[in-house]
Structures are given as C-alpha cells and as structure tokens.
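Participant: Before anything else, here's the structure in question.
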Amino acid sequence: MATWMVIDDEPDIYDVLVAMFRLWGIEGIAFVDGSEAIQWVESVDNGTYSGELPEMAIIDIRLPGIDGHYVAARIRRSPRLGNMAIALITTYRISPAIEKQIMAISQADAFIEKPLPSMAELRAQLDAIIAKRKAMAPDYPGLTRPAPRATEPPEVAAPVPAANPSAHDGAIVPQIERREIEIKPQTAPPVSRRADA
C-alpha cells in the first residue's frame with residue numbers, strides 16, 4: 001500500500017485529505033505543524049523511523065513553527081526522502097514572483113491553490129506529479145530503500161532556519177501577506193477526529 005504525507009494545520013483540509021487517502025487506499029502520515037514534520041524527517045534520516053516512507057508530501061505553505069516551503073526544502077536535503085514528490089498548497093493569494101521564490105526555496109514539484117480541485121482531479125494531478133518524480137529519480141521513496149546501517153553514521157543535513165528568516169542561501173525569502181485573506185466563521189460543525197480512525 002502506498003503512503004502519502006500531509007502537513008496542514010487547517011482541520012478541515014487535514015481531515016478531507018486524510019479521508020481521501022483512505023478512499024484511495026493510501027496510508028497517511030499527517031502533521032499539523034512544520035516543527036513536527038521536521039522532527040519526523042530527522043527521525044527518518046537518523047534511522048529511528050522504521051515505517052514505510054511516503055512517496056508524496058502535500059504541504060501547506062503557512063504552518064505553525066516552520067513554514068511549509070522550508071519543510072519541503074528540508075525534505076529535499078534528506079538522503080532518504082529527498083526524491084519524494086512534493087506539492088505545496090495554500091489559501092493565500094500570492095504574486096507569481098513570490099510563488100517563483102517559494103518554489104525555488106522548496107524545490108517542490110507543484111503549487112496547488114485552495115480550495116482544492118475535485119477529488120478525481122486532485123488524484124490525477126498528484127498521480128502525475130508522482131509519475132514525473134519516479135521517472136526522474138531511480139531511488140524514489142516509494143521504492144524499496146534500505147535504512148542507514150548502524151555502523152555508518154547517517155548523513156546529517158544542515159538545520160532548517162526558523163520560519164521566515166531574512167535570507168536563505170543568499171536569496172530573499174518571500175514574505176506572504178496575511179492580510180489578503182478573509183476569515184469566515186464555520187457554518188457547519190467541524191468533523192470530529194476519532195482516536196480509532
């Protein structure tokens with residue numbers, strides 16, 4: 001069974017994506033903030049995570065702790081996850097120039113704006129991203145890849161900078177305007193998460 005990862009702090013989007021994964025027969029790994037996701041990537045790199053590695057990451061660009069494009073950049077530096085397909089998602093309206101900067105920093109494969117497309121269209125987009133990534137990378141995460149040997153120290157990546165530092169590898173880091181969105185109250189009660197789901 002394939003495994004995908006979602007990193008999103010919006011409960012509605014998080015729940016919808018995890019439900020879609022279940023319907024599609026995909027195992028999900030989910031995080032609600034960037035720091036949690038980075039810790040998980042570190043556990044993969046140092047060999048303490050022994051589960052199946054995801055072949056796809058769907059990451060919101062605005063996350064508590066560390067922004068999603070920095071999480072994606074850290075994933076790209078991972079010796080075990082670096083070739084995984086990555087799609088960034090956002091509700092924020094951003095300029096083409098900022099989008100270009102975010103994509104350069106993150107090295108993501110796609111940028112998808114919320115609201116997300118229909119379930120069938122989203123699946124087709126994500127499958128196309130995975131197929132393209134698999135064709136480019138012979139050591140794609142969805143394929144069997146051994147964990148680092150205990151006798152060999154794992155490759156340690158540079159630490160991820162704090163969210164929105166003033167510079168990243170000499171490039172100006174995009175600052176996303178939060179004032180461009182309008183927060184509306186929920187009209188329906190939120191879906192509850194069950195511990196046994």
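Participant: May I ask you to verify whether ILE86 is over 28 Å from GLY25 (Cβ atoms) and among the β-branched types (Val, Ile, Thr)? Working first, answer last.
Facilitator: Values: over 28 Å from GLY25 (Cβ atoms): no; among the β-branched types (Val, Ile, Thr): yes.
No; evaluated as a whole, the condition is false for this residue.
Participant: Here's a follow-up. Quickly run through the range 30-50 and pick out the residues that are small (Gly, Ala, Ser), under 18 Å from GLY82 (Cβ atoms), in contact (Cβ under 8 Å) with a residue 24 or more places away in the chain and surrounded by fewer than 19 Cβ atoms within 10 Å (Cβ to Cβ). It would help to see each step written out before you state the result.
Facilitator: Step one: of the range 30-50, the residues small (Gly, Ala, Ser) are 30, 34-35, 37, 43, 47, 50.
Going one step further and asking which of them are under 18 Å from GLY82 (Cβ atoms), we end up with 34, 37, 43, 47.
From what's left, in contact (Cβ under 8 Å) with a residue 24 or more places away in the chain: 34, 37, 47.
If the condition is that a residue be small (Gly, Ala, Ser), under 18 Å from GLY82 (Cβ atoms), in contact (Cβ under 8 Å) with a residue 24 or more places away in the chain and surrounded by fewer than 19 Cβ atoms within 10 Å (Cβ to Cβ), then GLY47 is the only one that fits.
Participant: Still on this structure: Does the range 21-37 include one or more residues that are of a type in the set (Ser, Thr, Tyr) and over 22 Å from ALA137 (Cα atoms)? Give the steps one after another, and end with the answer.
Facilitator: Going residue by residue through the range 21-37, those that are of a type in the set (Ser, Thr, Tyr) are 35.
Subsequent filtering for residues that are over 22 Å from ALA137 (Cα atoms) retains 35.
Within the range 21-37, one or more residues are of a type in the set (Ser, Thr, Tyr) and over 22 Å from ALA137 (Cα atoms).
Participant: Which of the residues that make up the range 44-74 are of a type in the set (S, T, N, Q) and part of a strand (DSSP E or B)? Spell out the reasoning first.
Facilitator: Start the filter on the range 44-74 by keeping residues that are of a type in the set (S, T, N, Q), which leaves 46, 48, 50.
Of everything in the range 44-74, nothing turns out to be of a type in the set (S, T, N, Q) and part of a strand (DSSP E or B).
Participant: Any idea which residue in the range 51-92 is surrounded by the most Cβ atoms within 10 Å (Cβ to Cβ), counting only those that are farther than 20 Å from PRO117 by Cα and hydroxyl-bearing (Ser, Thr, Tyr)?
Facilitator: TYR70
Participant: Which residues, taken from the range 104-118, are assigned to a helix (DSSP H, G or I) and farther than 19 Å from GLU55 by Cα?
Facilitator: Filtering the range 104-118 for residues assigned to a helix (DSSP H, G or I) gives 104-106.
ALA104, ILE105 - these are the residues of the range 104-118 that are assigned to a helix (DSSP H, G or I) and farther than 19 Å from GLU55 by Cα.
All of the numbers you see were taken from the coordinates with simple rules; none came from a lab. Model, not experiment: these values are computed from the prediction. Note: ideal-geometry Cβ built from the backbone for every residue, glycine included; neighbour counts use all protein chains shown.
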